[in-house]
Amino acid sequence: TNILVRREDRVGVVQLNRPQARNALNAALMAELIAALQAFDADSEIGCIVITGSEAAFAAGADIKQMAEASVIDMIDSPFIGYWDELRRITKPVVAAVSGWCLGGGCELAMACDLILAAESAVFGQPEINLGVIPGAGGTQRLTLAVGKALAMEMVLNGRTLSAEEALRAGLINRVYPVEVYLEEAIRLANAIAARAPVAVRLAKEAVNASFEMSLRAGLDHERRLFYLLFSTDDQKEGMDAFINKRPAHWRGQ
Ligand code: DAK
C-alpha cells in the first residue's frame, strides 16, 4: 500500500507512494520496499532496478511522527534498522530517480543506490540537526565520501541543502534532467545496464562498493579474484568471441 511496483522491459521500478507524508519512510514502507527489491533481485528477467518517488518528493526522510516518542531501546529493537542493512545486500544495480525533496533518510536511501539521476527540482539535504539528532543511515559517511568534508559538514551541522545542479557539481549525483523526463531517462539508463552481461554487472557493483570498505591492497586483490571468476562464465567467452568476430554479443547470464 505504500509503494507501487511495475516492470519496464528488464527494469523493475519501485515508486514510493505516501504523497500525504512526502513519502516519509515509515517501517511499513521500508518493509514493502525491501520485499520489492529482493523480489526483483531474485528475478532473472530483471537486470536493474529503479527507485523513484513523486515529482514533489523522492522522500522527506524517516517518519518523524513514528520516531518522535521512541526510546533508545525502541530504536535499537525496531525492524526499521534491519531494513537498511537489507538494502546493502541487493546485488543488482539500483538507480535512484529523484525529484523534489530528498532529505534525511530519503537522501540516505538515494545514496545507498548505485546511481542517482535527478530532476532539476530535486533538493538534497540532511536536516536531522533541526530535530536534535544526526543522520543515522549513512548521512555522515556516504555523504562525506561523495562530496568531501567541507560540504558534508555544512549539510550535517547546519542543514544546508543542495540543488540538483549543486549536487551534480559536488559529485553526489550522476545527471540532471528536466522534471518531465528524469524518470524516463533513469529507466532508459537502467535498461541499458540491464542489457549488459548480468554476472559481470553484479560483480562490477560488488567491486566498486568494496572500494569503500577495504584498503587499496585488499580491494585490488578482491577485484582480481572477481575478474578471474568471470572466466568461468559463458558470457566471458561470448563477449570476447563477439568482439573478435565483429558481431553483437548475446548474454546468457551464465
Ligand atoms: N516524517 C513524517 N511526516 C512528514 C515528514 C517526515 N519526515 N515530512 C513531511 N511530513 C508530513 C508533514 O508532517 C505534513 O503532514 P500533515 O501536517 O499534512 O499531516 C505533510 O507531510 C506535508 O508536509 P509539509 O506540510 O511540511 O509540506 P511542505 O511542502 O511545506 O514541506 C518538507 C516539505 C519536506 C520540506 C517538510 O515537510 C520537512 O521539512 N519535512 C521534514 C524533513 C526532515 O526533517 N527529514 C529528516 C527526518 S529524520 C536510521 C535510518 C534513517 C534515519 C535515521 C536512522 N537508522 C537505520 C538508524 C532517518 C532519519 C530522518 O530522516
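Where a number appears in this text, it was derived from the coordinates with a stated rule and is not lab data. Source: prediction; values computed, not measured. All Cβ positions, even for glycine, are placed from backbone atoms using ideal geometry, and neighbour counts span all protein chains on display.
Worth pointing out:
- Once C-alpha pairs closer than 8 Å and six or more residues apart are averaged by separation and normalised to the residue number of the stretch 117-254, the relative contact order reads 23 percent.
- The chain: proportion of alpha-carbon pairs further apart than 33 angstrom, %: 21
- Residues in the stretch 70-80 carry Karplus couplings, in order, of 6, 8, 4, 5, 4, 5, 5, 7, 5, x, 3 Hz; the curve used is 6.51 cos²θ - 1.76 cosθ + 1.60 with θ = phi - 60°, and Gly or Pro positions show x.
- Among Gly105, Gly239, Gly53: highest mean-square fluctuation, GNM of the chain, C-alpha pairs under 10 Å: Gly239
- Amide proton proximity set for Ala96, modelled H, under 5 Å, gap of 5+: Ile51, Asp114, Leu115, Ile116, Leu117
- Restriction of the trypsin sites (Lys or Arg not before Pro) in the stretch 51-156 to DSSP coil positions whose beta-carbon has at most 14 other beta-carbons within 10 angstrom yields Arg89.
- Among Ile116, Ile187, Ile64, the largest mean-square fluctuation in a Gaussian network model of the chain (Cα springs under 10 Å) belongs to Ile64.
- Comparing Asn23, Asn174, Asn130 in a Gaussian network model of the chain, where Cα atoms under 10 Å apart are tied by springs, the biggest mean-square fluctuation is seen for Asn130.
- Karplus-derived 3J(HN,Hα), 6.51/-1.76/1.60, for each residue of the stretch 246-254, Hz, glycine and proline x: 6, 9, x, 7, 10, 7, 10, x, 9
- Dipole moment magnitude, nearest 20 debye, the chain about Cα centre, only Lys, Arg, Asp, Glu C-beta charged: 640
- DSSP bridge pairs, the chain: antiparallel proportion in percent, nearest 5: 25
- Each Cα pair under 8 Å and six or more residues apart adds its sequence gap; the mean of these over the residue count of the chain is a relative contact order of 17 percent.
- Under 5 Å, built H, 5+ apart or other chain: amide partners of Cys48: Gly12
- Relative to the Cα centre, the charge distribution of the stretch 1-151, modelled as +1 at Lys and Arg Cβ and -1 at Asp and Glu Cβ, gives a dipole magnitude of about 240 debye.
- In a DSSP loop and with at most 10 other Cβ atoms within 10 Å, the GluC sites (Glu not before Pro) in the stretch 197-254 are Glu213.
- Stokes-Einstein translational diffusion, the stretch 162-254 - Kirkwood Rh over all Cα pairs, 1.567 mPa s, 4 °C, in µm²/s: 82
- HN-Hα J in Hz across the stretch 150-163 - Karplus 6.51, -1.76, 1.60, θ = phi - 60°, x for Gly and Pro: 4, 6, 4, 4, 4, 6, 7, 7, 10, x, 5, 9, 10, 6
- In a reduced charge model with +1 at each Lys and Arg Cβ and -1 at each Asp and Glu Cβ, the stretch 20-94 shows a dipole moment near 180 debye about its Cα centre.
- Anchor Lys149: aspartates and glutamates whose Cα lies under 20 Å away (excluding residues fewer than 8 positions away in-chain): Glu108, Glu128, Glu165, Glu166, Glu213
- Between amide H atoms placed 1.01 Å from N, distances below 5 Å from Glu8 occur with Val13, all of them 5 or more places distant or on a separate chain.
- Taking every DSSP helix (H) stretch of at least 4 residues in the chain, weighting each as -39,500 (n - 2.57) and dividing the sum by the residue count yields a mean residue ellipticity at 222 nm of -13500 deg cm²/dmol.
- In terms of its C-alpha gyration tensor, the stretch 18-112 has an oblate overall shape, because the principal axis ratio a/c (a ≥ b ≥ c, square roots of the eigenvalues) is not below 1.5 and a/b does not outweigh b/c.
- Within the stretch 1-109, DSSP assigns beta bridges of which about 35% are antiparallel (rounded to the nearest 5).
- Evaluated at q = 0.13 Å⁻¹, the base-10 log of the normalised Debye intensity for the stretch 112-196, with identical point scatterers placed on the Cα atoms, takes the values -0.46.
- Averaging Cα coordinates gives a centre for the stretch 83-123 and one for the stretch 15-67; these two points are 9 Å apart.
- Convex hull volume of the C-alpha atoms in the stretch 54-184, normalised per residue: 103 Å³.
- Positive end of the dipole of the stretch 1-156 (Cβ unit charges, origin at the Cα centre): among Ile129, Asn26, Ala152, the Cα lying farthest that way belongs to Ala152.
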